[in-house]
Amino acid sequence: APLGHRTVLERVPIAANLRLATLTEAFANDAAADDPPWTAELRALWQLAQQVAAARGKPDVARTDFTFDVDWSGEGAGERGRVTIAARPRGSPLDKLVAELMIHVNHMWGRRVADAGIPGFYRVQAGGKVKMSTRPGEHQGLGVSHYLWSSSPLRRYSDLVNQRQLIATLGNGRPSYADGD
């Protein structure tokens, strides 16, 4: 389990761009001499993800996602812009690694923003109903007391707003938004 948490603003150099489609799930197995690059680092994160998942105490829900690939070159099936849609079952070790660490950080940052008395965009779930709220509340489905959408600011505008609010908790100015905004 994590020994502590620390949130800081800093620049992080990118050592490598790991793409989901090219990663193996060797990190979910014992170490081997022929492990691909970054397997040891992913294995450490995998162990952490398993610990935070166990602490949440919520079972995985089997779902199917879909991947969309657009062939703009026209080389695959001969047509430029041809879209291929493929089913992708959820629940692989790679899915669990990413999901658990995102749930964990969204929970921790949600609690930090709430403790500072700053509004944010929270996902709350009670009695099976999920809703957005500017006030923190339990997310029963995930088994966490706070769940702030904040880990994907390039993907969702609400996450960008929440990151601005989070930055204010680090002593870097006033929150961008106040209650009622």
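Some notes on this structure:
- When the chain is treated as a GNM with alpha-carbon contacts under 10 Å, the residue of Asp159, Asp60, Asp69 showing the greatest mean-square fluctuation is Asp69.
- Relative to its Kirkwood radius, the Cα radius of gyration of the stretch 22-181 gives an Rg/Rh of 1.06.
- In this structure, the amide hydrogen of Gly91, modeled 1.01 Å from its nitrogen in the peptide plane, lies closer than 5 angstrom to those of Lys96, counting only residues at least 5 positions away or on a different chain.
- Value of relative contact order over the chain, rounded to a whole percent, pairs C-alpha under 8 Å and six or more apart: 15 percent
- Cα pair distances in the stretch 70-128, grouped into 10 Å bins until the bin that holds the longest one, percent each: 17, 23, 24, 20, 14, 3
- Springs join every pair of Cα atoms under 10 Å in this Gaussian network model of the chain, and among Pro136, Pro119, Pro37 the largest mean-square fluctuation is at Pro37.
- In this rough spin-label picture, where each label sits 7 Å from Cα along the Cβ direction, the Glu138-Ala1 distance is 1.9 nm.
- Across the stretch 60-162, Cα pairs under 8 Å and at least six residues apart give a relative contact order of 19 percent.
- Of Ala15, Ala53, Ala31, the one that fluctuates the most in a GNM where the chain has Cα springs shorter than 10 Å: Ala15
- The magnitude of the dipole of the chain, with charges of +1 and -1 set on the Cβ of Lys/Arg and Asp/Glu and taken from the Cα centre, is near 760 debye.
- Arg63-Arg156 FRET efficiency (beta carbon distance; Förster radius 25 Å; 0.05 resolution): 0.85
- Cα-based helix-to-principal-axis angle, 39-56 vs the chain, degrees rounded to 10: 50 degrees
- Each residue of the stretch 11-84 gets 187 Å³ once the volume of the Cα convex hull is shared out per residue.
- Applied to the stretch 160-171, the Karplus parametrisation 6.51 cos²θ - 1.76 cosθ + 1.60 on θ = phi - 60° returns per-residue 3J(HN,Hα) values of 5, 4, 5, 5, 4, 5, 4, 4, 5, 6, 8, x Hz, with x for Gly and Pro.
- Comparing Asn162, Gly180, Ser150 along the charge dipole axis of the chain, the residue lying farthest to the positive side is Gly180, per the Cβ-charge model.
- Using θ = phi - 60° in the Karplus curve 6.51 cos²θ - 1.76 cosθ + 1.60, the 3J(HN,Hα) couplings for the stretch 27-33 round to 5, 8, 10, 5, 4, 9, 4 Hz; x is entered for Gly and Pro.
- In terms of its alpha-carbon gyration tensor, the stretch 95-146 comes out oblate; a/c meets the 1.5 threshold, while b/c is at least as large as a/b.
- For the chain, the longest principal axis of the alpha carbon atoms and the long axis of helix 93-115 meet at an angle near 10°.
- Within the accessible area of the chain (1.4 Å probe), percent carbon and sulfur: 54 percent
- Residues Asp115 and Arg82, FRET efficiency given R0 of 41 Å [Cβ-Cβ distance, rounded to 0.05]: 0.25
- Of the chymotrypsin sites (Phe, Trp or Tyr not before Pro) found in the stretch 1-104, those that fall in a DSSP loop while having at most 11 other beta-carbon atoms within 10 Å are Trp72.
- In plain terms, the chain from Glu75 to Asn17 could stretch by 18.3 nm, reckoned as 0.36 nm per residue minus the Cα-Cα distance.
- Solvent-accessible surface of the chain, averaged per residue with a 1.4 angstrom probe and all protein chains in place: 67 square angstrom.
The values are calculated or read from the model by the stated rules, or taken from the named source; none is laboratory data. Since this is a predicted model, take the numbers as computed values, not measurements. In this analysis, Cβ positions are derived from the backbone assuming ideal geometry, glycine residues included, and neighbour counts consider all displayed protein chains. Quick note on the areas: whole protein, heavy atoms, side chains included, nothing else; ligands and nucleic acids left out. Shrake-Rupley method; radii C 1.70, N 1.55, O 1.52, S 1.80 Å.
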